[in-house]
Amino acid sequence: NRVVVSPMAQYSAVDGIPGDYHLVHLGARAMGGAAMVFAEMTCTSPDARITPGCPGLWSDAQGKAWKLIVDWVHAHTDAKMAMQIGHAGAKGSTRVPWEGEDLPLQAGNWPLLSASPQQYLDGVSAWSRAMSRADMDRVRDEFVAATRRAALAGFDWLELHCAHGYLLSAFLSPLTNQRSDDYGGSLAKRLRWPLEVFAAMRAAWPQDRPMSVRISAH
C-alpha cells in the first residue's frame, strides 16, 4: 500500500495546539485505508506560523496533543503518521484564508524573516528582513527542538518543508535569495543553510525512522 495523504493546511489550531478537529480530520484519513497520513505543516515557533491558526511543535503541550492523535491512529488503524515541519518566512503573519487569503493580519502581526528582504505580495504584504547568522542558529535549533518533540509524539516519518516559498525555499531560489555572503549566489551556497538544518534534524531524529524533504520543482 503506497497511498499517502498529503499535508493539508486546516488553520484550526488554538495557540498552536491541535485539538479534536485535527483528531477527526487525520483519524478519518487513516481509517480510510491510507498507508501514511501527513499532518499539515507544523511550525517551529510562534513567529514561524503562516496564520494564528497554524499548529506548532514549540511547546511540550503541543507535543502531548500531537501524541494523542498519533496514538489514536496507531491504536485503531494500520496507517503510519508523518509530521511535516516548516517555517513560513516571508509568507507569515497572515489571516486565516476565509478572512482574506495571504493578507496581513489586521492586528498582532509578528516580524518576518527570509533569505533577503522580501514583500511576498507587492504593495500588500509586510516586508521581511534578511536573516543574520544568529537568526539562522536560532531557527535551526527550533527545528531540532520540534524534531525531538515529533519523535516523542511517536510520528513514524518526518519531513522538512523546503517548498512553496516558505523560509527554507526562499534560500534555494535565486529569485528570493539575493544574498552576497556565504548563503547566496551559487547553488551550493544557497543550499548551505537548508542542508545544515536538515543535517541537524537528521541527527536528532531516530536513525531507524525515515526523513524526507519537500521541494518545489519542475
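Side notes on the structure shown:
- Test for LEU57: is it open to solvent by 30 Å² or more (accessible area, probe 1.4 Å) and at pLDDT 95 or above: no
- Residue that is nearest to LEU26 (Cα to Cα) [pool: residues in the range 92-102 that are of a type outside the set (Ser, Thr, Tyr) and assigned to a loop (DSSP other than H, G, I, E, B)]: VAL96
- Sole residue being in contact with a Gly (Cβ under 9 Å, 6 or more places away or on another chain) and under 30 Å from ALA65 (Cβ atoms), chosen from SER173, SER212, SER128: SER128
- Residue match in the range 143-160 (condition: of a type in the set (Phe, Trp, Tyr) and either without any contact (Cβ under 8 Å) to a residue 24 or more places away in the chain or open to solvent by 70 Å² or more (accessible area, probe 1.4 Å) (or both)): yes
- Residue within the range 185-202 that is under 15 Å from the mean Cα position of the chain (by Cα), of a type in the set (A, V, I, L, M) and modelled with pLDDT of 95 or more present: yes
- Assessment of the range 161-176 against the conditions (in contact with a helix residue (DSSP H, G or I) (Cβ under 6 Å, 6 or more places away or on another chain) and over 18 Å from ALA88 (Cβ atoms)) yields no matching residue.
- Residue in the range 12-24 that is part of a loop (DSSP other than H, G, I, E, B), within 30 Å of ALA107 (Cα to Cα) and among the aliphatic types (A, V, I, L, M) present: yes
- Identity of the residue in the range 46-91, assigned to a strand (DSSP E or B) and farther than 11 Å from ASP15 by Cα, that ends up farthest from the chain's Cα centre (by Cα): LYS80
- HIS87 over 21 Å from THR176 (Cα atoms) and either touching a residue at least 24 places away in the same chain (Cβ under 8 Å) or of a type in the set (Ser, Thr, Tyr) (or both): no
- Checking MET201 against (1) open to solvent by 70 Å² or more (accessible area, probe 1.4 Å); (2) of a type outside the set (Ser, Thr, Tyr); (3) farther than 28 Å from ASP102 by Cα; (4) in contact (Cβ under 8 Å) with a residue 24 or more places away in the chain, the condition it does not meet: (1)
- Subset of the range 162-189 [open to solvent by less than 30 Å² (accessible area, probe 1.4 Å) and either in contact with a Pro (Cβ under 8 Å, 6 or more places away or on another chain) or over 29 Å from VAL37 (Cβ atoms) (or both)]: CYS162, LEU168, PHE171, ASN177, TYR183, GLY184
- When residues in the range 109-141 are screened for being closer than 21 Å to PRO194 by Cα, part of a loop (DSSP other than H, G, I, E, B), open to solvent by less than 70 Å² (accessible area, probe 1.4 Å) and in contact with a Ser or Thr (Cβ under 8 Å, 6 or more places away or on another chain), 4 of them pass.
The values are calculated or read from the model by the stated rules, or taken from the named source; none is laboratory data. Predicted model only: the values in this text are computed from it and were never measured. Positions of Cβ are backbone-derived with ideal geometry, glycine not excepted, and every protein chain shown enters the neighbour counts. Calculation scope for accessible area: heavy atoms of the full protein, side chains included, ligands and nucleic acids excluded. Shrake-Rupley method; radii C 1.70, N 1.55, O 1.52, S 1.80 Å.
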